[in-house]
Amino acid sequence: MEHDLDRVKCAIDGDRYALQELLHAEKSKLYRMAFAYVRNEDEAVEIFQQTVLKCIESIHQLKKPEYFSTWLTRICINESLSVKRKGKRLNLLTELLKQPGHQDFSGTLAHGMDVKDALEALPDKYKTALMLRFYQDLSIQDIANVLDCPIGTVKTNIHRGLTSLKSKLKGVYEDEPGKRFN
């Protein structure tokens, strides 16, 4: 960790090799984040490239080197949301279902509830908070840092997002004994 902090400080001071090493270490996380938003390889690569470009252009403005990863993730999210605002839709379902420890909804989809639509119906602030919490496995504090908002707001957005999903998925689980969305 100390070594990475030194590398970030060097990158801020203009060391392109240090920045290249930092970006190399973050590339798969950033690509997965972008891909989860757009579900298209070409667009995810474009988002990744834009994230790297913005990082290169503004690394000298990073005030707290210890938040490099958080800062970079925020850039990636903003780029992803920008693409989405241009007519792209967030498709988080497949990525969430692939993650270990997440319940498999595939059987319940046949019973009429489309989980993808439930996620798509959420406002961006809820989708983003849920994605960072459950897809990126970030802590509440880290999410607050990434989104540059108070911890209470993050907790509220996660709670409201989950409550909305529970409400939309309620009928799916009422039909199947022993299955509950808790």
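The values are calculated or read from the model by the stated rules, or taken from the named source; none is laboratory data. All values derive from a computational prediction rather than experimental measurement. Cβ coordinates were reconstructed from backbone atoms using ideal geometry, including for glycine residues, and neighbour counts include every protein chain displayed. Side chains are part of the model used for accessible areas, which takes the heavy atoms of the whole protein and leaves out ligands, DNA and RNA. Shrake-Rupley method; radii C 1.70, N 1.55, O 1.52, S 1.80 Å.
Taking the criterion of being closer than 22 Å to Phe134 by Cβ and not hydroxyl-bearing (Ser, Thr, Tyr), the residues of the stretch 12-42 that qualify are Glu26, Lys27, Lys29, Leu30, Arg32, Met33, Ala34, Phe35, Ala36, Val38, Arg39, Asn40.
Within the stretch 104-122, does at least one residue satisfy the condition of being open to solvent by 30 Å² or more (accessible area, probe 1.4 Å), part of a helix (DSSP H, G or I) and modelled with pLDDT of 80 or more? Scanning the stretch 104-122, I find no residue that is open to solvent by 30 Å² or more (accessible area, probe 1.4 Å), part of a helix (DSSP H, G or I) and modelled with pLDDT of 80 or more, so the answer is no.
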